[in-house]
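Structure, as structure tokens:
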Amino acid sequence: MDKITISVIKADIGGYVGHSSMHPNILTKAMQSLDKHKDKGTIVDFHVSHCGDDLELILTHRLGEESGEIHKMAWDIFVECTELAKKLKLYGAGQDLLSDAFSGNIKGMGPGCAEMTFEERRSEPVIVFAADKTSPGAWNMPLYKMFADPFNTIGLVIDPSMHGGFIFDVLDIFENKTVKLNSPEDIYDLLCLIGASEHYILKGIYKKSGEIAAATSTQKVNLMAGRYVGKDDPVMIIRCQSGFPAVGEVLEPFALSYLVAGWMRGSHWGPFMPVSVDDANPTRFDGPPRVIALGFQITNGTLIGPRDMFADVSYDLARKQANEIANYIRRHGPFEPHRLPLSDMEYTTLPQVLEKLKGRFK
Ligand code: 13P
Ligand code: 13P
Ligand code: MG
Ligand code: MG
């Protein structure tokens with residue numbers, strides 16, 4: 001059996017209304033295009049979704065990771081959808097398309113991309129996560145909990161196929177270097193890095209045998225463009241069960257509405273709210289930041305699903321907690337630690353203010 005690749009490629013090509021959601025015609029357009037590519041055989045299957053104002057293309061195919069053909073296809077769909085967004089005058093049409101022409105690989109051009117290739121198991125449950133109003137560092141804590149924390153994942157203790165631990169691939173986004181750390185052996189070193197979630201980002205997780213378990217999108221729009229032009233609302237793919245965390249262990253970290261960087265103008269800490277796709281439309285102060293989880297069984301490359309995993313009453317309390325935290329932290333207004341530190345804000349007036357006040361500093 002040929003290996004299957006799952007590619008989740010996303011971009012903000014224009015918001016409806018403001019940065020809050022996606023216009024239904026954009027989703028339809030993306031689906032129609034992908035239908036044609038499925039008929040042609042470029043892809044095996046696809047699912048189109050959105051989290052807030054981000055368009056999510058979930059694709060299965062046999063062309064492997066970083067395939068020029070797949071990336072070009074996704075890029076062309078984003079361009080087509082941008083044209084429609086411009087016609088509708090949607091907000092920030094083409095926000096994530098940083099270049100005028102496709103350069104061979106979608107990475108570094110604005111869209112985000114998480115990909116993995118594997119031989120399908122007898123049963124292949126996969127969960128695709130997508131977030132809005134935050135950045136790729138938002139996945140650090142839940143990934144650590146899923147794959148290294150026995151208080152989250154009992155499988156690490158009682159499942160012989162998980163007891164050996166996992167390998168964490170950490171990206172330093174400033175140096176553009178990666179380091180592989182083992183759990184449980186290196187967990188204190190690992191936490192020393194990934195606790196700084198705006199600097200060190202988990203890129204992938206592997207079994208000790210080398211088999212892929214998790215992949216995230218790690219493109220940081222700010223650094224790519226040489227300046228901060230948008231928090232890169234991230235995606236990730238996780239394989240579940242039989243040697244990987246169970247579906248419930250993969251979802252469990254989101255029962256806590258933890259704080260992530262993003263929210264209004266990409267410049268605030270706020271609570272991460274797990275929601276159904278229907279509720280993935282951040283409005284209050286352009287948030288709070290949202291995360292959706294789409295569950296699939298991958299069957300001969302076909303995406304059976306999705307199941308909308310956070311459309312479950314067991315996440316009601318996390319949502320309530322998020323609303324309470326939002327209420328509390330919002331009262332800090334323009335003050336840290338609600339507002340991000342100067343170095344992490346998406347934009348700032350500080351240089352102009354300092355220039356204006358130059359003569360008044362004594
Ligand atoms: P079942 O007995 O329902 O298959 O569940 C097993 C399991 O691992 C649940 O996490
Ligand atoms: P997006 O990154 O989702 O477009 O949000 C930008 C923003 O400024 C929200 O206030
Ligand atoms: Mg936007
Ligand atoms: Mg967005």
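Nothing in this text is a laboratory measurement; each read-out follows from the coordinates by a stated rule. Here the structure is a predicted model, which is why all the values come from computation and not from measurement. All Cβ positions, even for glycine, are placed from backbone atoms using ideal geometry, and neighbour counts span all protein chains on display.
Here are some notes:
- Cross-link pairs beyond the 27 Å C-alpha cut-off, checked among K203/K320; K10/K87; K38/K89; K38/K207; K72/K180; K89/K320: K203/K320; K38/K89; K38/K207; K72/K180; K89/K320
- Estimated from the Cβ-Cβ distance and a Förster radius of 41 angstrom, the FRET efficiency linking Y328 and K40 is about 0.20.
- Restricting the range 35-112 to GluC sites (Glu not before Pro) in coil, as DSSP defines it, with at most 16 other Cβ within 10 Å: E65, E66
- Straight Cα distances below 13 angstrom link K133 to the aspartates and glutamates D12, D53, D54, D232, D233, D286, E346, with same-chain residues fewer than 8 positions distant left out.
- Cα centroid separation - the range 105-130 against the range 1-34, whole Å: 14
- The translational diffusion coefficient of the range 1-156, from Stokes-Einstein at 4 °C and 1.567 mPa s with a Kirkwood hydrodynamic radius over alpha carbon pairs, comes to 78 µm²/s.
- In terms of overall dimensions, the chain has a Cα radius of gyration and Dmax of 20.0, 74 angstrom.
- Sorting D233, D278, D172 by the number of Cβ atoms found within 10 Å of their own Cβ, with the fewest placed first, yields D278, D172, D233.
- Counting DSSP beta bridges with both ends in the chain, the antiparallel % (nearest 5): 95
- Spread of Cα-to-Cα distances over 10 Å intervals beginning at zero, given as percent, for the range 30-115: 17, 53, 29, 2
- Backbone amide hydrogens, once placed in the peptide plane, bring C51 within less than 5 Å of E56, excluding anything fewer than 5 places away on its chain.
- Here the residues Y16, Y200, ranked from fewest to most Cβ neighbours within 10 Å of their Cβ, fall in the order Y16, Y200.
- Ellipticity at 222 nm from helices only: DSSP H runs of n ≥ 4 in the chain, each -39500 (n - 2.57), divided by the residue count, give -7500 deg cm²/dmol.
- Applying the criteria of a DSSP loop state and at most 11 other Cβ atoms within 10 Å to the GluC sites (Glu not before Pro) of the range 121-222 yields E175, E185.
- Ranked list, fewest to most other Cβ atoms within 10 Å of each Cβ, for Y347, Y91: Y347, Y91
- Label zone at N25, where the point sits 7 Å out along the Cα-to-Cβ direction: the range 65-108 residues whose backbone N lies under 18 Å: 77-95
- In the range 20-100, taking the dipole from charged Cβ atoms about the Cα centre, the farthest positive-side position among H71, L27, H61 is held by L27.
- Expected-Rg normalisation [2.2 N^0.38 Å, Cα atoms] applied to the range 223-362: 1.33
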